[in-house]
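Asks: The structure under discussion is supplied below as C-alpha cells; questions concerning it will follow.
Readers should treat all values here as calculations from the given coordinates under stated rules, not as data from a laboratory. Here the structure is a predicted model, which means the values were calculated and not measured. Note that we place each Cβ from the backbone using ideal geometry, even for glycine, and neighbour counts take in every protein chain shown.
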Amino acid sequence: MAQMLHFSLLIIALCTLSECIQRRFHYINIEKTWTEAQTYCREKYTDLATVNNMNDLKQLMQTASASHAVWIGLKRTDVYKWKWSLGDPVKYLNWETEPSNNLYNCAVMRNGIWHHEDCGQRLGFICYNDELILIKENLSWTEALRYCRENHVDLVSVDSHAFQLLVTEVLHRASTAEVWLGLHYYCLMNLWIWVQGEVVCYQNWAKGVQIQLNDCSGEHRAGAVQSGGDHQWISLPRSHKLNFICIKYEK
C-alpha cells in the first residue's frame, strides 16, 4: 500500500512538472492589424500565438523582440470574455492590468507582459505552427512509430485539451476509424506513457475503455484516437493497421 501511495505521488509530481512544448513560434516583422495578422498566420502557419502555460510564454519571449509590442492571438469576444484566435479557452493570463472596459479588444505582448490594444493598430506579430501530419498509410503501431522517427520526428503526444483540438483538425482526412497516437501501455508498471517517456497527465479516454490492464500475457496495446464522433482515445492491440499522426519538428 505504501509503495502504491509513493508511486501515485510520483505520477502527480511528474504531471505537474511535465509541460511539453508542442508548438514552434515565429516572429513576423511586418506591421499588420490584428485581423490581417491572423489571416497571415493561418495562411502560412497554424494561427496567431496561443499561450497555455509559463513554458509557452518563455518560448514566446525568446522568439519576439522584448521591447516592441507584438500581436498575440488573444481577442475579446464580449465585454468580459477573451478567447484565443483558434477558439481555445484561456487557461493562462499575464496581463499588466486586467482589462476593465471594451474599448480595446485585442492583446499585445511587450517584455512578456500583455496589454489590451486597438485591433486596428499596425504591429508585428507572432504566429505558431504545430506541424502535425496525418499519414494515410495503414501500419501497426510499431511500424507507425518507426515511420515517424525515420521520416519526421515521432508519433504525436497529446498533453492538453488545446493540443487535442489541434489533433482533431487533421483527423477528418483519416481513412481509418481510429488513428494511432504515440501512446503505449507499459504493462510491468501498469502505466500508460507517451513515446518520449512523458507520463499521461491529460487524458481523453472513451467511456468503458479498459485502461488498467495488468495482464502482460497477451499482445501489447497502444492508444489510438477515434477519427469521428467525439475523437476520444481507445486501447487497441499494436498489430492493428491504422493511419497515424506524426509531429514534424524537434521540441
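Asks: Using only the alpha-carbon atoms, how far is helix 54-63 inclined from the longest principal axis of the chain? Give it as 0 to 90 degrees, nearest 10.
Replies: With rounding to tens, the tilt is 60 degrees.
Asks: Top mean-square fluctuation among Asn151, Asn105, Asn204, Gaussian network model of the chain, C-alpha springs under 10 Å?
Replies: In the Gaussian network model the winner is Asn151.
Asks: Setting aside same-chain residues fewer than 8 positions from Lys136, which aspartates and glutamates have a Cα under 19 Å from its Cα?
Replies: Partners found: Glu150, Asp154, Glu169, Glu178.
Asks: Follow-up. How far, in degrees from 0 to 90, does helix 141-151 lean away from the longest principal axis of the Cα atoms of the chain, to the nearest 10?
Replies: The angle comes out at about 40 degrees.
Asks: Also: If you average 1/r over all unlike Cα pairs in the stretch 131-247 and invert the result, what Kirkwood radius do you get in angstrom?
Replies: Final number for the Kirkwood radius of the stretch 131-247 is 14.0 Å.
Asks: Also: Could you work out which residue, out of Glu31, Glu150, Glu137, moves most in a Gaussian network model of the chain, that is, has the largest mean-square fluctuation with Cα springs under 10 Å?
Replies: With Cα springs under 10 Å in the chain, the top fluctuation among Glu31, Glu150, Glu137 is at Glu150.
Asks: Taking 0.36 nm per residue of separation and subtracting the Cα-Cα distance, what length does fully extending Leu213 through Ser175 add?
Replies: Separation in residues times 0.36 nm, less the Cα-Cα distance, equals 10.8 nm.
Asks: By counting other Cβ atoms within 10 Å of each Cβ, how are Ile245, Ile113, Ile211 ranked from fewest to most?
Replies: Ile113, Ile211, Ile245
Asks: Rank the residues Val195, Val225 as a footprinting-exposure proxy: fewest other Cβ atoms within 10 Å of their Cβ go first.
Replies: Val195, Val225
Asks: How big is Rg to Rh over the chain, alpha-carbon atoms, Rh as the Kirkwood inverse-mean-distance radius?
Replies: Radius of gyration relative to Kirkwood radius: 1.02.
Asks: Another question, if that's okay. Working from Cα positions, state the angle (0 to 90°, nearest 10) between the long axis of helix 161-171 and the longest principal axis of the chain.
Replies: Roughly 70 degrees, rounded to the nearest 10.
Asks: Can you tell which of Met54, Met109, Met189 shows the greatest fluctuation in a Gaussian network model of the chain with Cα springs below 10 Å?
Replies: Met189
Asks: May I pose another question? Compute the semi-axes of the equivalent ellipsoid of the stretch 24-129, taking the square root of 5 times each eigenvalue of the Cα gyration tensor, and list them largest first in whole Å.
Replies: That gives 18, 15, 14 Å for the three semi-axes.
Asks: Cross-chain or 8 or more residues apart, Cα under 24 Å: how many lysine pairs in the stretch 24-129 fit that? Count them up, please.
Replies: 15
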